[in-house]
Amino acid sequence: MRNFAGFIVVVLALAWTLGSARNVPARIVLPDGSEQMGTFVCLKSDTVFYTVTNGDSIQAFALYKFDVKKVQLTEDNSLVDLSLSNFQVNSEAPKDTTKSDEPTLKVGRAVLVVTSDPADARVYVDNVLVEGLTPLVIPNLEAKKFHVMARKYLRGVDWWGSKRVLTKEGDTTRITIKLLKPHTQLSIQSLPTEAEVYIDEMPSLSKIPTVRTDTTLVDVQPAPERTITLFKVGYYDTTFTMPVEAYMPNLVGVELHAITEDLNKLQSQIDFVTHRQRKWIGRGLLWSSIAPVLAGGVLAVLADRDWSKAANDRNAYQDAAFASSETIRLVKENKDLNASGDLKAKIGAGLGGLAVLTAGLGLAFQF
């Protein structure tokens, strides 16, 4: 009763700050990786208020927001943005209260054997937690490509590792996963594969895609919410938001929907990709035109230097009173230098013409 009375006092003390807020079930993750299932009250003045039911008693907690690793509201799996100073949940529940069933794995005849280093790790197959610890035999799997992750709480933090594996109908597939120190990773898979990936941006003519599914990114910035767009010709664009948790694998799998009837949409995708390719070819040609310009300029300087030396030789042997081996050498050198300068000038002029042609083609492709 004392704990319950304390809880009532805390709630009454906070009531004036809540307004239309409501308490919602939440999963609170502390910096050491431990988790508490409780009720989120509010984030007020950089302090997270929440309660935890312990048997017949209710305990109230008030922690500085950066002493909490994560607060996840379990009714819609959304995260509380701990970068804010104040946050509360509206009194109205979400309009769409339908909750999907827990993800399950389709039954098949493939068998997967997972071992880990170190052992006794939890195993997730396509984000579905499989009962048991490594070494673990997972029977009756569908024959397909899976993303398998192993996790274990070690030395106060959550260590994990992951692998992609292709199971075969009626066969047993064995994999070993090395658990690594916590690091942030984003693994994106799609069906079909080779879809362009855009994070916090949309496909545009000014950007050539550098990331395609299936892919694993290790330099992605953690955030409470990141917007990811997948683009592939012949399939509808798919955009979704997800939290990217620090020091976690952040797995996501998406099935793209084929365009079967909207031929205008399909043609617009084809036109977009064609225009983007032309634009980047043009940009490449424009940059390529710089090289012949520079080379032509260098050859022009060298040609002028040869002509200047040839002129000096001509003046020297014309001023000589008598023919000698030296004047014969100067005459020959004059001829060679003039020929060398003429050749360099012609090559430089050719390179200049090539630069003009390349730049012209680049501009044509650009527009």
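The rows are residues; the columns are (1) aromatic (Phe, Trp, Tyr); (2) part of a strand (DSSP E or B); (3) touching a residue at least 60 places away in the same chain (Cβ under 8 Å).
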site	(1), (2), (3)
Thr173	no, yes, yes
Pro182	no, no, yes
Pro203	no, no, yes
Thr210	no, no, no
Arg226	no, yes, no
- request: Take the residues in region 329-352 that are surrounded by 13 or more Cβ atoms within 10 Å (Cβ to Cβ) and among the aliphatic types (A, V, I, L, M), then tell me which one is nearest to Asp304 (Cα to Cα).
  value: Ala345
- prompt: Inside region 232-250, can you point out the residues that are in contact with a strand residue (DSSP E or B) (Cβ under 7 Å, 6 or more places away or on another chain) and among the β-branched types (Val, Ile, Thr)?
  reply: Thr238, Thr239, Thr241, Val244
Identity of the residue in region 29-63, in a loop (DSSP other than H, G, I, E, B) and without any contact (Cβ under 8 Å) to a residue 24 or more places away in the chain, that ends up surrounded by the most Cβ atoms within 10 Å (Cβ to Cβ): Ser34
statement: The residue from Thr193, Thr216 that alone is of a type outside the set (Asp, Glu) and part of a strand (DSSP E or B) is Thr216
- request: Would you point out the residue of region 137-150, among those that are crowded, with 19+ Cβ neighbours inside 10 Å and of a type outside the set (Val, Ile, Thr), that is farthest from Gly33 (Cα to Cα)?
  value: Leu141
Given (1) more than 25 Å from Ser78 (Cβ to Cβ); (2) at pLDDT 90 or above, index of the condition Asp237 fails: (1)
- prompt: Is it the case that some residue within region 181-201 is over 27 Å from Val254 (Cβ atoms) and surrounded by fewer than 20 Cβ atoms within 10 Å (Cβ to Cβ)?
  reply: yes
Pairs, first in a strand (DSSP E or B) in region 127-143, second acidic (Asp, Glu), C-beta under 7 Å, six or more apart: Leu133/Asp120
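Listed here are the residues, each with its yes/no results for (1) outside any helix (DSSP H, G or I); (2) free of Cβ contacts under 8 Å to residues at least 12 places away in the same chain; (3) over 27 Å from Ala355 (Cβ atoms); (4) within 49 Å of the chain's Cα centre (by Cα).
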site: Ile270; (1), (2), (3), (4): no, no, yes, yes
site: Lys279; (1), (2), (3), (4): no, no, no, yes
site: Pro292; (1), (2), (3), (4): no, no, no, yes
site: Asp304; (1), (2), (3), (4): no, no, no, no
site: Ser308; (1), (2), (3), (4): no, yes, no, no
site: Arg314; (1), (2), (3), (4): no, no, yes, no
site: Thr327; (1), (2), (3), (4): no, yes, yes, no
site: Glu333; (1), (2), (3), (4): no, no, yes, no
site: Asn338; (1), (2), (3), (4): no, no, no, no
Considering residues of region 156-169 that are more than 22 Å from Met242 (Cα to Cα) and at pLDDT below 90 only, the residue surrounded by the fewest Cβ atoms within 10 Å (Cβ to Cβ): Gly156
query: Any chance region 56-66 includes a residue that's under 23 Å from Met242 (Cα atoms) and at pLDDT below 85?
result: yes
query: Hey, among Leu256, Leu251, Leu230, Leu285, which residue is under 30 Å from Gly352 (Cα atoms) and buried (at least 17 other Cβ atoms within 10 Å of the Cβ)?
result: Leu285
message: Condition check: at pLDDT 90 or above and farther than 19 Å from Pro243 by Cα. Does Val148 satisfy that?
response: yes
- prompt: Among (1) within 26 Å of Met242 (Cβ to Cβ); (2) at pLDDT 85 or above, which single condition is Thr176 missing?
  reply: (1)
- line: Apart from one, (1) closer than 30 Å to Gly108 by Cα; (2) surrounded by fewer than 19 Cβ atoms within 10 Å (Cβ to Cβ); (3) of a type in the set (Phe, Trp, Tyr) all hold for Tyr153; the odd one out is (1)
Boolean, Ser83 is under 30 Å from Tyr153 (Cα atoms), loosely packed, with under 13 Cβ neighbours inside 10 Å and modelled with pLDDT under 80: yes
Tally, over region 340-367, of residues that are of a type in the set (Val, Ile, Thr) and either over 39 Å from the mean Cα position of the chain (by Cα) or not in a helix (DSSP H, G or I) (or both): 1
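The values are calculated or read from the model by the stated rules, or taken from the named source; none is laboratory data. Just so you know, these numbers come straight off a predicted model, no measurement behind them. All Cβ positions, glycine included, derive from the backbone under ideal geometry; neighbour counts span all protein chains shown.
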